[in-house]
Amino acid sequence: MTKPMTLYLSIWRQPNAKTPGKLIQYTVTDVSPAMSFLEMLDQLNRDLVRKGETPIEFDSDCREGICGTCGLVVNGIAHGPERATTVCQLHMRHFKDGDAITIEPWRAKAFPIVKDLVVDRGAFDRIVASGGYISVNTGAAPDAAAILISKEMADLAMDAAACIGCGACVAACPNASASLFVGAFLSKFALLPQGQPERKQRAQRMVSQMDAEGFGGCSNIGECEAVCPKEISLSTIARMRRDLWKALF
Amino acid sequence: MTLDAKIPSGPIQDMWDKHKFEMKLVNPANKRKYTIIVVGTGLAGASAAASLGELGYNVKTFCIQDSPRRAHSIAAQGGINAAKNYQNDGDSIWRLFYDTVKGGDYRSREANVYRLAQISVNIIDQCVAQGVPFAREYGGLLSNRSFGGAQVSRTFYARGQTGQQLLLGAYSALQRQVDAKTVTLYPRREMLDLVVIGGKARGIVVRNLINGQMESYAGDAVIIATGGYGTAYYLSTNAVNSNATAIWRCHKRGAYFANPCYTQIHPTCIPVSGQHQSKLTLMSEGLRNDGRVWVPQPKGDKRRPSEIPEAERDYYLERRYPSFGNLVPRDVASRNAKAVCDEGRGVGETGLAVYLDFADAIKRLGEKTIDEKYGNLFDMYERITGENPWDVPMRIYPAMHYTMGGLWVDYNLMSTIPGLHVLGEANFSDHGANRLGASALMQGLADGYFVIPYTIGDYLAGTSLEKVATDHVEFKRVASEVQADIARMLSIKGAKTVGEFHRTLGGMLWDYVGMARNEKGLKHALEAIPRLREEFWQNMMVPGRAEDLNKSLEMAGRVADYMEIAELMARDALHRAESCGGHFREESQTADGEAQRDDKHFSYVAAWEYNGLNNPPVLHKEPLLFENVKLSQRSYK
Ligand SMILES: Cc1cc2nc3c(=O)[nH]c(=O)nc-3n(C[C@H](O)[C@H](O)[C@H](O)COP(=O)(O)OP(=O)(O)OC[C@H]3O[C@@H](n4cnc5c(N)ncnc54)[C@H](O)[C@@H]3O)c2cc1C
Ligand code: FES
């Protein structure tokens with residue numbers, strides 16, 4: 001076992017949406033390299049509670065990189081320094097003894113802060129409700145084998161469908177755009193035959209809801225793709241644009 | 001009260017069709033006048049809420065997470081079973097039915113399992129139509145893999161993210177109904193109690209997790225789809241917010257709890273790395289299709305795996321179970337891993353691990369194929385352990401994973417409280433004493449898409465319901481009880497964190513109600529758990545306030561419930577003096593160490609009735625009759 005580390009953390013504390021927040025300094029000791037980043041925060045919280053202080057609130061659930069609940073900006077990078085890794089899957093072996101780490105919430109107008117590192121991503125659900133589906137009622141489906149889909153297309157659709165809706169793309173984008181999220185959602189349907197009938201209206205509705213929620217526009221910076229834990233491709237945004245354009249004309 | 005499972009009469013193949021025909025229907029124009037409360041947005045809850053919304057009911061749906069899409073179902077990796085027989089390898093509804101009854105070690109209800117197998121085929125159709133990107137063959141057909149406990153290829157999958165894709169399908173269907181205004185979403189709400197009026201489930205009390213306020217919701221029926229209680233063990237493969245609170249509080253209001261000791265310990269998880277561990281990560285069972293499980297032959301062999309020659313390796317599953325090999329069911333695989341580690345042949349720093357080796361498969365199938373099949377799982381393993389499974393075999397060990405027990409329901413998925421329906425992992429109905437891989441997703445979606453939309457209509461059409469609103473005294477009374485509990489937890493200001501108590505409790509369950517159980521250990525647990533519970537209520541330390549986002553407080557409430565459910569699990573395990581499936585009583589084994597059932601005395605569902613915290617619960621038995629499958633000693637040799 002490698003020896004335990006001491007880390008110097010600056011963590012965003014904010015009691016609620018209305019009260020302004022600030023960075024507070026904490027020292028956490030006895031950090032094992034085998035811990036995950038969130039387990040390191042668990043340990044800090046345990047120590048805070050024992051000292052009678054209020055623990056730091058942050059969201060997590062699956063802790064295996066699939067539910068999209070966690071989301072922290074670590075040293076300025078959404079989900080931290082490891083490529084294609086959510087912060088719950090980031091392990092402390094990537095840090096060294098004595099490191100200083102700044103931890104902040106997602107920051108975007110459309111993601112208001114709830115408390116400390118917890119934000120409200122309800123805007124994503126509203127975008128999906130505006131058209132992110134195929135209109136098929138339960139029981140109305142034909143036999144699954146009736147639709148042939150090439151392996152290539154199924155794989156591409158799966159690449160886009162891998163999005164976990166964490167919002168890192170929004171947090172990383174200087175415009176706080178949700179284009180990668182929406183592009184991925186539209187693409188997984190656009191790449192499949194089942195998604196064709198509603199393709200244009202789906203693009204139109206989801207994009208207009210995205211605008212209504214206060215997300216910024218996309219100016220092809222690419223920060224979103226760089227931080228995406230599921231490596232969703234910028235090409236999904238290009239597809240979204242084409243579909244939107246086709247819908248307009 | 002005598003338990004009536006309401007199993008339709010007649011041949012098993014016709015039961016469901018006949019039952020559907022005989023059910024009372026709600027007039028389409030009247031459906032919107034009924035409010036249905038759905039708690040939980042996993043596969044079971046989301047599919048139910050969406051389908052009921054489509055039918056025109058007024059649905060209110062609740063979850064703990066900030067979005068319904070984040071329910072724990074999202075984490076399921078391996079796949080979903082269906083008797084499509086697309087591979088022409090001899091599968092059929094009958095075979096899926098048979099495999100599931102056998103896999104459950106003959107402790108499930110035949111009628112329910114048969115219906116599940118029938119419906120399985122519709123689920124795949126539904127999901128494909130929704131745009132779920134299942135894996136495909138080059139010719140465009142759906143691809144299948146095989147899973148533990150089956151000798152046919154009937155598992156449909158979407159890479160290693162099947163649960164995610166199925167849940168996103170159900171979530172999209174749900175959001176479509178939100179848009180249509182038939183469904184209202186209430187995220188970040190935790191159900192803390194059930195409101196029963198006139199003997200019927202009429203509403204719930206929830207805590208708004210953002211501002212801590214108590215909120216009450218009234219309805220004509222309540223559906224609980226809140227998942228299993230595996231997190232009682234502290235370390236498990238479940239998400240950290242998975243909990244037993246909703247089902248436990250329903251139990252305390254009168255819903256019987258069935259087979260609480262039937263829990264599943266999954267054989268292929270990443271071993272514990274230290275005290276800091278907050279959860280365990282599953283490596284999909286699909287890996288056992290190509291990975292070979294082994295340990296060194298000699299005890300205490302500290303050589304690196306690459307230095308151990310073929311002849312000194314023990315591929316113990318292939319050796320003991322030549323016909324199923326590495327694909328034996330989970331309970332068998334887990335027990336065998338424990339046995340070889342107990343013999344001192346485990347590997348890794350702690351000695352609590354066995355190898356899962358892909359070297360042969362890589363040689364046989366090539367890197368490209370293995371990468372396509374398991375690449376993301378290999379990456380995940382490396383991210384967590386820092387070891388590369390392309391070079392060294394994975395180390396795996398069993399971990400708590402799934403709970404077959406749950407609230408007792410009849411064939412209509414209704415509990416012993418009229419109007420309270422229970423779906424998905426939260427009920428006990430289909431998996432007996434051991435669940436087969438890829439069958440939980442199937443059951444959750446069967447319950448939600450295809451069973452409850454029918455059976456709830458029958459309930460509503462056949463019941464007279466007085467008008468009830470949240471200003472009813474009963475809502476006020478329940479809300480104030482819940483509030484008093486919260487105030488009490490905050491006022492204790494003791495010396496131990498809730499996490500410490502949870503870890504201690506989890507350790508007890510793992511040691512005494514885990515992979516192997518015996519009378520002495522269970523009796524010990526039945527003394528130790530209440531003692532721990534007493535200490536918990538005197539010495540817990542919960543920071544912060546009630547009127548605020550406070551995850552420590554949320555956790556305290558859940559652990560309070562684990563403290564009670566744990567005792568019932570131990571009690572049930574003690575009373576069931578036979579071994580069956582995941583419930584292995586050391587006193588009851590065959591000569592070669594397999595689980596030995598005692599059909600004469602234990603062929604029943606144990607349904608427990610709550611009788612106050614300081615009184616023993618009352619046991620009710622639902623006899624299990626096997627008319628279609630012949631009971632036999634389960635063998636995978
Ligand atoms: C890592 C992993 C992999 C798995 N892989 C497979 C697989 O490959 N194939 C397979 O068939 N099965 C698999 N399973 C099992 C399967 O995923 C689960 O049994 C199934 O998804 C449970 O679905 P559910 O709808 O019953 O509940 P869940 O998905 O657990 O959903 C519970 C819902 O209830 C809500 N909730 C809980 N408590 C409350 C409360 N008190 N108040 C309000 N809301 C509440 C939650 O917010 C959530 O929305 C796997 C399980 C795990 C842990
Ligand atoms: S907690 Fe689920 S993705 Fe991180």
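Summary table below
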quantity	calculated
Matching residues in the range B:263-292 - criterion: being over 25 Å from the mean Cα position of the chain (by Cα) and assigned to a strand (DSSP E or B)	B:292
Residue within the range A:191-198 that is aliphatic (A, V, I, L, M) and away from chain B (no Cβ under 14 Å) present	no
Some residue of the range B:544-558 being open to solvent by 10 Å² or more (accessible area, probe 1.4 Å) and touching a His at 6+ places or on another chain (Cβ under 9 Å)	yes
Candidates A:147, A:127, A:113 - the one that is away from ligand 1 (no atom under 16 Å from the Cβ), open to solvent by 10 Å² or more (accessible area, probe 1.4 Å) and assigned by TED's automatic domain parsing to the domain that holds residue A:228	A:147
Hey, residue A:43 touching a residue at least 60 places away in the same chain (Cβ under 8 Å) and not charged (D, E, K, R) or not	no
Residue identified as small (Gly, Ala, Ser) and either under 21 Å from the mean Cα position of the chain (by Cα) or open to solvent by less than 10 Å² (accessible area, probe 1.4 Å) (or both) among B:437, B:462	B:437
Subset of the range B:76-118 [within 14 Å of ligand 1 (Cβ to nearest atom) and more than 25 Å from residue B:583 (Cα to Cα)]	B:82
Subset of the range A:42-88 [of a type in the set (Gly, Ala, Ser) and within 21 Å of residue A:113 (Cα to Cα)]	A:60, A:68, A:71, A:76, A:78, A:80
Search result, residues across the range A:97-156 that are charged (D, E, K, R) and either more than 10 Å from every other protein chain (Cβ to nearest Cβ) or under 18 Å from residue A:183 (Cα atoms) (or both)	A:97, A:99, A:104, A:107, A:109, A:121, A:125, A:126, A:155
Residue that is closer than 30 Å to residue B:258 by Cα and either among the β-branched types (Val, Ile, Thr) or part of a loop (DSSP other than H, G, I, E, B) (or both), where the choices are B:139, B:163, B:149	B:149
Out of B:168, B:142, sole residue that is among the aliphatic types (A, V, I, L, M), more than 14 Å from residue B:80 (Cα to Cα) and in the same structural domain as residue B:51 (by TED's automatic domain parsing)	B:168
Number of the condition not met by residue B:604 [criteria: (1) within 26 Å of the chain's Cα centre (by Cα); (2) open to solvent by less than 30 Å² (accessible area, probe 1.4 Å); (3) in contact (Cβ under 8 Å) with a residue 40 or more places away in the chain]	(3)
Criterion (at pLDDT 95 or above and within 16 Å of ligand 2 (Cβ to nearest atom)) met by exactly one of B:75, B:117, B:49	B:75
Residue among B:183, B:195 that is open to solvent by less than 10 Å² (accessible area, probe 1.4 Å), over 23 Å from the mean Cα position of the chain (by Cα), facing chain A (nearest Cβ under 10 Å) and touching a residue at least 40 places away in the same chain (Cβ under 8 Å)	B:183
Candidates B:229, B:217, B:171 - the one that is in contact (Cβ under 8 Å) with a residue 60 or more places away in the chain, more than 14 Å from chain A (Cβ to nearest Cβ), of a type in the set (Ser, Thr, Tyr) and surrounded by 24 or more Cβ atoms within 10 Å (Cβ to Cβ)	B:229
Per-region count, the range A:13-36, residues part of a strand (DSSP E or B) and under 24 Å from the mean Cα position of the chain (by Cα)	4
Which numbered condition residue B:126 misses (of (1) facing chain A (nearest Cβ under 8 Å); (2) open to solvent by less than 10 Å² (accessible area, probe 1.4 Å); (3) closer than 30 Å to residue B:558 by Cα)	(3)
Single match in A:98, A:71, A:165 (criterion: at pLDDT 95 or above, surrounded by fewer than 20 Cβ atoms within 10 Å (Cβ to Cβ) and outside any strand (DSSP E or B))	A:98
Residues satisfying the stated conditions in the range B:61-75, i.e. near ligand 1 (Cβ under 6 Å from one of its atoms) and at the interface with another protein chain (Cβ under 9 Å from one of its Cβ atoms)	B:64, B:65, B:71, B:72, B:75
Flag if residue B:204 is more than 17 Å from residue B:46 (Cβ to Cβ), touching a strand residue (DSSP E or B) at 6+ places or on another chain (Cβ under 7 Å) and away from chain A (no Cβ under 14 Å)	yes
Qualifying residue in the range B:46-60 (condition: open to solvent by less than 10 Å² (accessible area, probe 1.4 Å), away from chain A (no Cβ under 11 Å) and near ligand 1 (Cβ under 7 Å from one of its atoms))	no
Count of the range B:236-262 residues which are β-branched (Val, Ile, Thr), within 16 Å of ligand 2 (Cβ to nearest atom) and within 13 Å of the chain's Cα centre (by Cα)	1
Any hit, the range B:502-515, residues being open to solvent by 30 Å² or more (accessible area, probe 1.4 Å) and part of a loop (DSSP other than H, G, I, E, B)	no
Sole residue being among the aliphatic types (A, V, I, L, M) and within 14 Å of chain A (Cβ to nearest Cβ), chosen from B:440, B:446, B:426	B:446
Search result, residues across the range B:65-100 that are in a helix (DSSP H, G or I), open to solvent by 10 Å² or more (accessible area, probe 1.4 Å) and not basic (Lys, Arg)	B:72, B:73, B:75, B:93, B:94, B:98, B:99
In the range B:281-324, the residues that are of a type in the set (S, T, N, Q) and either touching a helix residue (DSSP H, G or I) at 6+ places or on another chain (Cβ under 6 Å) or surrounded by 19 or more Cβ atoms within 10 Å (Cβ to Cβ) (or both)	B:281, B:284, B:289, B:297
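This table checks each residue for (1) away from every other protein chain (no Cβ under 14 Å); (2) basic (Lys, Arg); (3) within 30 Å of residue B:333 (Cβ to Cβ).
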{"site": "B:432", "(1), (2), (3)": "yes, no, yes"}
{"site": "B:483", "(1), (2), (3)": "yes, no, no"}
{"site": "B:486", "(1), (2), (3)": "yes, no, no"}
{"site": "B:496", "(1), (2), (3)": "no, yes, no"}
{"site": "B:524", "(1), (2), (3)": "yes, no, yes"}
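Results for (1) aliphatic (A, V, I, L, M); (2) more than 21 Å from residue B:550 (Cβ to Cβ); (3) in contact (Cβ under 8 Å) with a residue 60 or more places away in the chain, shown as yes or no for each residue.
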position: A:3; (1), (2), (3): no, yes, yes
position: A:6; (1), (2), (3): no, yes, yes
position: A:29; (1), (2), (3): no, yes, no
position: A:33; (1), (2), (3): no, yes, yes
position: A:39; (1), (2), (3): no, no, no
position: A:57; (1), (2), (3): no, no, yes
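The values are calculated or read from the model by the stated rules, or taken from the named source; none is laboratory data. Given the structure is predicted, the values throughout are model-derived calculations rather than measurements. Positions of Cβ are backbone-derived with ideal geometry, glycine not excepted, and every protein chain shown enters the neighbour counts. Accessible surface is based on the protein model in full, side chains and every heavy atom, while ligands, DNA and RNA are left aside. Shrake-Rupley method; radii C 1.70, N 1.55, O 1.52, S 1.80 Å.
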